[in-house]
Amino acid sequence: MHLLLILMLIFTAAAEQHVSVVTVRVGDEVILPCNKVTEGRNNCDRTSWSFISSTSATLFEAGKIQIKTADKSDRLNVTVNCSLVIKKVIIKDVGQYSCRQLTSEPNSVYYLSVIHSEYFHVSC
């Protein structure tokens with residue numbers, strides 16, 4: 001069921017616009033760039049980042065991190081050029097991330113895939 005939901009999210013977003021798939025390992029840091037950011041904006045105040053998985057949430061809006069859950073808020077940051085930084089990635093971070101300027105359609109859409117590193121451990 002969970003896999004079906006993920007596939008539906010990918011194909012729905014893909015039908016509307018280009019979705020970049022980003023794959024990282026648990027514990028890594030990932031930077032998701034926000035394209036077409038208007039120059040001269042203070043604190044990315046007209047930029048919004050949202051997250052869709054089994055639920056949806058606004059992560060960043062009006063120049064501030066909006067999500068208050070302990071497993072995300074302390075690991076999120078937005079750079080000066082409005083890129084979203086996720087530190088110490090966990091499995092719960094899997095999903096679709098969208099960046100938009102508040103006056104436009106999403107201009108950057110990513111599907112974040114997370115690999116648990118034990119699956120790739122090679123013993124000699």
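Every number here is computed from the coordinates shown, using simple stated rules; none is lab data. Keep in mind that what you see is a predicted model, and the values were worked out from it rather than measured. As a convention, Cβ positions derive from the backbone with ideal geometry for all residues, glycine included, and neighbour counts pool all protein chains shown.
Working out 0.36 nm times the residue gap between Val94 and Arg75, then minus their Cα-Cα distance, what length gain in nm do you get to one decimal? Before the final figure, lay out each step's value.
Working: separation 19, 0.36 × 19 = 6.84 nm, distance 1.42 nm.
Stretched fully, the Val94-Arg75 segment lengthens by 5.4 nm.
Among residues other than Glu61 whose Cβ falls under 11 Å from its Cβ, what is the net charge (Lys/Arg +1, Asp/Glu -1)?
Working: positive: Arg46, Lys64, Arg100; negative: Asp45.
That works out to +2.
In whole Hz and in residue order, list the ³J(HN,Hα) couplings for the range 78-83 that follow from phi through the Karplus curve 6.51 cos²θ - 1.76 cosθ + 1.60, θ = phi - 60°; x for Gly and Pro.
My calculation for the range 78-83 gives 10, 7, 4, 8, 6, 6 Hz in order.
For His116, His18, what ranking results if the residue with the fewest other Cβ atoms within 10 Å of its Cβ goes first? Don't skip to the end; give the middle numbers.
Values: His116 12, His18 8.
Fewest-to-most ranking of His116, His18: His18, His116.
Which far-off residues, 5 or more places away or on another chain, put their amide H under 5 Å from the one on Ala62, with H placed in the peptide plane?
HN-HN under 5 Å from Ala62: Thr47.
Rounded to the nearest 0.05, what FRET efficiency is calculated for Asn43 and Val21 with R0 set to 30 Å and r the Cβ-Cβ distance?
Numbers: r = 29 Å, r/R0 = 0.97.
After rounding, the FRET efficiency stands at 0.55.
Using modelled amide H (1.01 Å from N, peptide plane; none on Pro or chain starts), what sits under 5 Å from the amide H of Ser113, excluding residues fewer than 5 places away?
Val22, Thr23, Val24
Which of Ile86, Ile52 has the fewest other C-beta atoms within 10 Å, and how do the rest follow up to the most?
Details: Ile86 23, Ile52 17.
Ranked by crowding around the Cβ, least crowded first: Ile52, Ile86.
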